[in-house]
Amino acid sequence: MGEEIVSDGVDAENETQAQNLWQCREGISEASQHFGGVYKYDLSIPLPELYSLVDACRERMNEAGLLSADDESKPVLDVLGYGHMGDSNLHLNVSVRRYDKEVEKALEPWVYEWVSKRSGSISAEHGLGLAKKEFIGYSRSETMVRLMKQIKQLYDPNGIMNPYKYI
């Protein structure tokens, strides 16, 4: 906050406050699923633009006529984000009343393109998994993917660590 990177925030003054803040942060994911479901993205974005994706995504959902907190016919309730400033990690959550193909079409590959234009990563702390396999080219070159596979093969030749994952 002193460096004007953050406009508002809270610093824990003791362990109890730190634990309470962490409980609030952990509760975001659970609370966002309360009314239906959530489209979740674990991204890495340059710090100056960290929350801009949330605003851009909310605007995109509005423009597509998919977002309303009050209108039950609209699938998207809200778009929210939280994460870790220390490693530029953003958890983008699109909270929905129900899963909907129109929401999916509005999100993908748009989210990955947005991140790619800012030289971010489409897969931050939780790894690539299977769902993002077709989108890895938005943040990693073919050479980098090949090297990652070689490293995985070197350390896990039998495929027992995190089996059935892309890398």
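Numbers for the structure displayed
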| item | result |
| --- | --- |
| Any hit, the range 72-84, residues being at negative phi, at pLDDT 95 or above, of a type in the set (A, V, I, L, M, F, W, C) and touching a Ser or Thr at 6+ places or on another chain (Cβ under 6 Å) | yes |
| Qualifying residue in the range 59-72 (condition: closer than 20 Å to S139 by Cα and open to solvent by 50 Å² or more (accessible area, probe 1.4 Å)) | no |
| Subset of the range 113-127 that is assigned to a helix (DSSP H, G or I) and in contact (Cβ under 8 Å) with a residue 12 or more places away in the chain - its residue that is surrounded by the most Cβ atoms within 10 Å (Cβ to Cβ) | V115 |
| Count of residues meeting criterion [farther than 18 Å from L43 by Cα and either in contact with a helix residue (DSSP H, G or I) (Cβ under 6 Å, 6 or more places away or on another chain) or of a type in the set (F, W, Y) (or both)] in the range 75-95 | 2 |
| Condition met for K133 (under 21 Å from I45 (Cα atoms), of a type outside the set (D, E), at pLDDT below 85 and open to solvent by 80 Å² or more (accessible area, probe 1.4 Å)) | yes |
| Every residue from the range 139-160 that is open to solvent by 100 Å² or more (accessible area, probe 1.4 Å) and outside any helix (DSSP H, G or I) | N158, I160 |
| Residues that are among the polar types (S, T, N, Q), farther than 29 Å from E49 by Cβ and surrounded by fewer than 10 Cβ atoms within 10 Å (Cβ to Cβ), drawn from the range 7-21 | N14, T16 |
| Matching residues, the range 26-45, being closer than 21 Å to S123 by Cβ, open to solvent by less than 50 Å² (accessible area, probe 1.4 Å) and outside any loop (DSSP other than H, G, I, E, B) | S29, S32, G37, V38, Y39, Y41, D42, L43, S44 |
| Among (1) open to solvent by 60 Å² or more (accessible area, probe 1.4 Å); (2) at pLDDT 90 or above; (3) in a helix (DSSP H, G or I); (4) of a type outside the set (S, T, N, Q) - the single one P48 does not satisfy | (2) |
| Filtered residue count, the range 86-112, keeping only those that are farther than 22 Å from E30 by Cβ and either open to solvent by 20 Å² or more (accessible area, probe 1.4 Å) or assigned to a loop (DSSP other than H, G, I, E, B) (or both) | 10 |
| Subset tally (residues that are of a type in the set (S, T, Y) and either under 11 Å from the mean Cα position of the chain (by Cα) or open to solvent by less than 20 Å² (accessible area, probe 1.4 Å) (or both)) for the range 73-85 | 1 |
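The values are calculated or read from the model by the stated rules, or taken from the named source; none is laboratory data. Predicted, not measured: the structure shown is a model, and the values here were computed from it. A quick note on method: Cβ atoms are made from the backbone with ideal geometry, for glycine too, and the neighbour counts reach across all protein chains shown. The area values use the complete protein model at the heavy-atom level, side chains included, leaving out ligands, DNA and RNA. Shrake-Rupley method; radii C 1.70, N 1.55, O 1.52, S 1.80 Å.
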